[in-house]
Amino acid sequence: MRTNIDYYFTVTSPWSYLGDSRVREVAMRCNATLQHRPVNAGEIFSKTGGLSLKDRSAERQAYRLRELARWRERLK
């Protein structure tokens, strides 16, 4: 019996982009089926008190870009 992996992601997130090939590799290696579960990040933020990127402070936005760059380099 194949295992299912529920894969929650949002198409507007660079984090989803960075992780997509890796979650696919895990599924293949484990002979699992990916169940794609797209989510609306804006809707989640509004319901949970999170801030969308445009509403975050300039400092948080700048830090996010630095963090993405570090992960991009690490995952090469």
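Per DSSP helix of 4 or more residues, -39500 (n - 2.57); summed, then divided by the residues of the chain. What does that give at 222 nm, rounded to the nearest 500? Mind dumping the intermediate values first?
Numbers: 3 runs with 41 residues, N = 76.
It comes out at -17500 deg cm²/dmol, rounded to the nearest 500.
In degrees between 0 and 90, to the nearest 10, how far off the longest principal axis of the chain does helix 58-74 point, with axes built from Cα atoms? Its long axis makes an angle of about 30 degrees. Between helix 14-29 and the chain there is an angle of about 10 degrees, using the helix long axis and the longest principal axis of the Cα atoms.
Computed on region 5-76, with alpha-carbon pairs under 8 angstrom and 6+ residues apart, the relative contact order is 35 percent. The share of Cα pairs per 10 Å bin across the chain, counted from zero up to the longest distance, runs 16, 38, 33, 12, 1 percent.
Once each part is reduced to its C-alpha centroid, what is the distance from region 40-70 to region 8-27 in angstrom? Comparing the Cα centres of region 40-70 and region 8-27, I get a distance of 17 Å.
No lab work stands behind these numbers, since they all come straight from the coordinates. None of the values given here were measured: they were computed from a predicted structure.
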